[in-house]
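Read through the structure below, which is laid out as structure tokens, and then see the notes.
Derivation of every value follows stated rules applied to the coordinates shown; laboratory data play no part. Predicted model, so just to flag it, every value in this text is computed and none were measured. Cβ sites come from the backbone with ideal geometry, for glycine too, and all protein chains shown count toward neighbours.
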Amino acid sequence: MEFLTDLLDNSTMPWLTALLLGLMTAISPCPLATNITAVGFISRDIENRNRVFINGLLYTLGRAITYTVIALVIYFGADQLKFGGFFQRYGEKIIGPLLIIIGLFMFDLVRINFPGFNKLTSRMQEKKRWGYLDALLLGLVFALAFCPYSGVLYFGMLVPLTVTSSSGLYLPIVYAIATGIPVIIFAWIIAYTISSIGGVYKKLKTFEHWFRRIIAVLFIGVGIYYIIRAYM
Amino acid sequence: MIPFLGCTGQTTSKETATADINSDKIEAYYFHFTARCTTCRTVEAKAKEDLESLYPDQVKQGLITFQSLNLEEAPNKTLADKLGVSGQALLLVKGNQKINLTNEGFMYAVSKPEKFKEIIKEKVDGLLIR
């Protein structure tokens, strides 16, 4: 962290500042929790290596969209104070329950029998159509979980830098990529290193059923972590 | 240098008139939400500690005060609105002068506490002269 602060201190280039802020966000405890969950989530498609890696990229793209849209809304005149305050206040509170709900769904503990919902669920099983979209959505939502520290880095440092420089709108994208770097790296390792070790891939495939449950537990666990942080 | 752009962040750069605040006094405020983080607590603790060690006399006489306020508690909202704060913020207020030290706090309080102390000294000295 100190090394990053030093670099940040001496940075005269906005893109480098954005990159460093993103890295500092990525390794701070609370966004790290969302990133760990994301790694679990995207690696559940272990049977398709390219998919795992592409999911990692899409997750990061999702984060980039959120960070850019928020910066754009502020750029076009939303009250930065109220807007930023809202996310900093509620972001962390919403993410916990949401993670638990997603976890329960993954566990198949919650089944909703609305007419038409079964169709939706079965379509979600058809991974070809939904698989890529859910990684993107996960990135979109996880980026909204502003914690006290990441909130200051984003709203206090990155957004002002973005809205005051004329060509600054690319900065949230740089920031987002940096916050997603750990996920991209792990997605790469899981996709092309671990799964190519002899036998591991086959074993993982038979393990897959359990693997999904472990990921569901991970979601619920991280959800509880956020709830404890935000409410206790 | 990171461009801090004056008083960036959760507060506006405009110096808002803060009526009924004693203009001889320097008031330091740390605004936060109920959920805290390690860095956040360190920023608060360091700021308080630095003020007490740099200006022991003024702190004793009540000329420099430090308050930590939760933004989720209704009574503090009024003051936060008046000061233009909506998120976590470390502020120095004297009369209608307002200095936002949030970014500096988050940058240095943990990794370079000495530098943070220097910045606090510089800003408070500036306010004492004026």
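Structure notes:
- Region B:34-129, relative contact order [Cα under 8 Å, separation at least 6], %: 30 percent
- Additional length obtainable on full extension of the chain from B:Lys77 to B:Gln97, 0.36 nm per residue less Cα span: 5.2 nm
- Here the spin labels are modelled as points 7 Å beyond Cα on the Cα-Cβ line, and at B:Lys25 and A:Arg213 they lie 6.2 nm apart.
- Annotation: amide H-H contacts under 5 Å for B:Leu69 (H modelled 1.01 Å from N, sequence separation of 5 or more, or interchain): B:Tyr30, B:Phe31, B:His32.
- Neighbouring partner chain Cβ atoms per residue of A:8-16, average, 10 Å criterion: 2
- Inter-label distance, nm, simple model (7 Å from Cα along the C-beta direction), A:Ile224/A:Ile94: 2.5 nm
- Over 18 Å (Cα to Cα) - which of B:Lys94/B:Lys121; B:Lys46/B:Lys117; B:Lys25/B:Lys112 fall in this group: B:Lys25/B:Lys112
- Radius 12 Å from Cβ of A:Leu140, net charge of other residues (Lys, Arg +1; Asp, Glu -1): 0
- Taking other C-beta atoms within 10 angstrom as a stand-in for reagent exposure, A:Thr17, B:Thr34 fall in the order B:Thr34, A:Thr17, fewest first.
- Put in order of Cβ neighbour count within 10 Å, fewest first, the listed residues A:Phe86, A:Phe41 become A:Phe86, A:Phe41.
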